[in-house]
Amino acid sequence: MATETQIRIGVMGCADIARKVSRAINLAPNAKIVAVASRSLEKAKSFALSNNYPESTKIHGSYESILEDPEVDALYVPLPTSLHVEWAIRAAEKGKHILLEKPVAMNVAEFDKIVAACEANGVQIMDGTMWVHNPRTAKLKEFLSDSERFGQLKTVQSCFSFAGDEDFLKNDIRVKPGLDGLGALGDAGWYAIRATLLANNFELPQTVTAFPGAVLNEAGVILSCGASLTWEDGRNATIYCSFLANLTMEITAIGTKGTLRVHDFIIPFKETEASFTTSTKAWFNELVTAWVNPPSEHTVKTELPQEACMVREFARLVGEIKNNGAKPDGFWPSISRKTQLVVDAVKESVDKNYEQISLSGR
């Protein structure tokens with residue numbers, strides 16, 4: 001692809017996740033890294049060096065400086081969540097398109113301010129939820145909307161847990177109230193909630209109720225929690241997220257006619273392919289379970305890892321705006337907002353002693 005059509009991306013902050021996304025930007029055919037910023041010039045330099053940034057990459061010793069860079073079309077922002085509202089708004093005001101790490105904000109009121117700034121300045125915003133860009137996800141949606149094989153959705157269970165070591169539980173930004181104060185709910189719960197919303201066609205639940213027994217650290221940050229979600233027509237879902245349980249990233253969606261199972265929905269076991277299992281029309285006979293078709297595993301191959309698919313789609317949208325005068329795609333901020341709304345509701349339920357929270361009209 002010709003260089004002039006590549007979207008020029010600046011990396012704003014040198015968090016660990018930025019390593020993975022930097023590689024993804026390099027792999028995406030329609031994007032390239034042109035700048036990196038940290039609060040220290042030295043940190044930005046060594047980050048660029050250790051992540052094989054092109055020699056031409058501009059090194060910025062402050063976040064303000066990269067905002068002023070005329071050669072940056074878009075910014076990838078992996079800053080702590082508490083800094084998102086300030087820097088995403090400032091980026092939008094400078095006309096920079098934004099790929100924003102999740103959770104997108106500390107609460108939906110903050111995110112609404114970010115979206116308002118993006119809309120006022122005609123810039124695209126997308127959050128950094130990688131798995132939704134994996135080609136497998138399109139196949140999952142295909143099965144879930146198949147009235148013959150899956151039927152009507154009845155329930156979804158989704159969980160994301162991993163066991164943080166002592167150092168993680170003491171020092172990681174995800175356990176610090178002033179940095180990523182939403183803890184396991186904002187980090188891991190975000191994915192389980194997004195999976196649940198995706199299975200429900202992004203229709204918000206009517207009620208959200210956290211399960212008793214959430215684990216909080218001494219600073220009041222959630223380390224582990226679960227919740228139930230209900231919809232008006234009787235659909236329901238459960239989500240679980242934890243920094244204290246073995247690595248598990250599962251979706252089970254059950255319809256009237258079929259069942260979908262995914263065992264590695266957030267980060268596939270392999271970069272170049274991803275699998276899921278479906279079963280349709282099972283029942284009991286006298287001795288064992290019977291099937292119209294036995295449960296089958298489906299494997300979807302991908303040329304690019306899912307994070308590079310995400311960058312490619314983001315850069316495509318930015319390119320449409322930059323080169324063809326298109327309007328920003330409102331789908332991405334709308335699903336970020338819905339995910340954040342449910343995150344907020346789970347937190348509110350935990351804070352209010354596991355009270356049921358209504359999402360009607362939010």
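The values are calculated or read from the model by the stated rules, or taken from the named source; none is laboratory data. This one's a predicted model, so the numbers in the text were calculated from it and none came from an experiment. Glycine also receives a Cβ, built like all others from the backbone with ideal geometry; neighbour counts cover every protein chain displayed. When the accessible area is computed, the model is the full protein with side chains, heavy atoms only, and any ligands, DNA or RNA have been set aside. Shrake-Rupley method; radii C 1.70, N 1.55, O 1.52, S 1.80 Å.
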Exercise for the section: Find all pairs meeting these conditions: Cβ atoms under 6 angstrom apart; at least six residues apart or on different chains; first residue within the stretch 209-230 and free of Cβ contacts under 8 Å to residues at least 40 places away in the same chain; second residue of a type in the set (Gly, Ala, Ser). Expected result: 215/224
Problem - Set 179, 140: member being under 21 Å from residue 269 (Cβ atoms), in a helix (DSSP H, G or I) and of a type outside the set (D, E, K, R) - result: 140
Practice task
Could you identify the single residue in 142, 148 that is within 15 Å of residue 276 (Cβ to Cβ) and either exposed (fewer than 15 other Cβ atoms within 10 Å of the Cβ) or at pLDDT below 95 (or both)?
Solution key: 142
Practice task
Please state which one of 279, 242, 296 is crowded, with 17+ Cβ neighbours inside 10 Å and more than 20 Å from the chain's Cα centre (by Cα).
Solution key: 279
Handout entry: Some residue of the stretch 58-66 being in contact (Cβ under 8 Å) with a residue 60 or more places away in the chain and of a type in the set (Lys, Arg)
Key = no
Problem - Of residues in the stretch 11-52 being open to solvent by less than 30 Å² (accessible area, probe 1.4 Å), under 20 Å from the mean Cα position of the chain (by Cα) and not aliphatic (A, V, I, L, M), the one modelled with the lowest pLDDT - result: 14
Fill in the blank from the handout: Within the stretch 327-337, of all residues that are part of a helix (DSSP H, G or I) and touching a residue at least 24 places away in the same chain (Cβ under 8 Å), the one most open to solvent (accessible area, probe 1.4 Å) is 337
Handout entry: Unmet criterion (only one of (1) in contact (Cβ under 8 Å) with a residue 24 or more places away in the chain; (2) among the charged types (D, E, K, R); (3) farther than 21 Å from residue 239 by Cβ; (4) out of contact with any strand residue (DSSP E or B) (no Cβ under 8 Å at 6 or more places or on another chain)) for residue 142
Key = (1)
Handout entry: Subset of the stretch 204-217 that is of a type in the set (Val, Ile, Thr) and surrounded by fewer than 23 Cβ atoms within 10 Å (Cβ to Cβ) - its residue that is nearest to residue 144 (Cα to Cα)
Key = 207
Handout entry: Residue satisfying condition, being under 21 Å from the mean Cα position of the chain (by Cα) and not basic (Lys, Arg), within set 172, 167
Key = 172
Handout entry: Number of the condition not met by residue 123 [criteria: (1) buried (at least 21 other Cβ atoms within 10 Å of the Cβ); (2) under 28 Å from residue 262 (Cβ atoms)]
Key = (2)
Completion exercise
Those residues of the stretch 158-203 which are surrounded by fewer than 18 Cβ atoms within 10 Å (Cβ to Cβ), under 17 Å from residue 342 (Cα atoms) and of a type outside the set (Phe, Trp, Tyr) amount to 201, 203
Handout entry: Among the candidates 123, 104, residue that is within 28 Å of residue 192 (Cβ to Cβ), modelled with pLDDT of 95 or more and among the β-branched types (Val, Ile, Thr)
Key = 104
Practice task
Could you please let me know if residue 315 is closer than 16 Å to residue 7 by Cα and at pLDDT 95 or above?
Solution key: yes
Exercise for the section: Could you identify the single residue in 220, 226 that is out of contact with any strand residue (DSSP E or B) (no Cβ under 9 Å at 6 or more places or on another chain), more than 24 Å from residue 146 (Cα to Cα) and open to solvent by less than 50 Å² (accessible area, probe 1.4 Å)? Expected result: 220
Completion exercise
Within the stretch 80-97, the residues that are open to solvent by less than 10 Å² (accessible area, probe 1.4 Å) and either of a type in the set (Lys, Arg) or closer than 19 Å to residue 186 by Cα (or both) are 81, 84, 88
Completion exercise
For residue 70, the lone unmet condition from (1) more than 25 Å from residue 333 (Cβ to Cβ); (2) touching a residue at least 24 places away in the same chain (Cβ under 8 Å) is (2)
Exercise for the section: Please verify whether the stretch 319-326 includes one or more residues that are buried (at least 16 other Cβ atoms within 10 Å of the Cβ) and within 18 Å of the chain's Cα centre (by Cα). Expected result: no
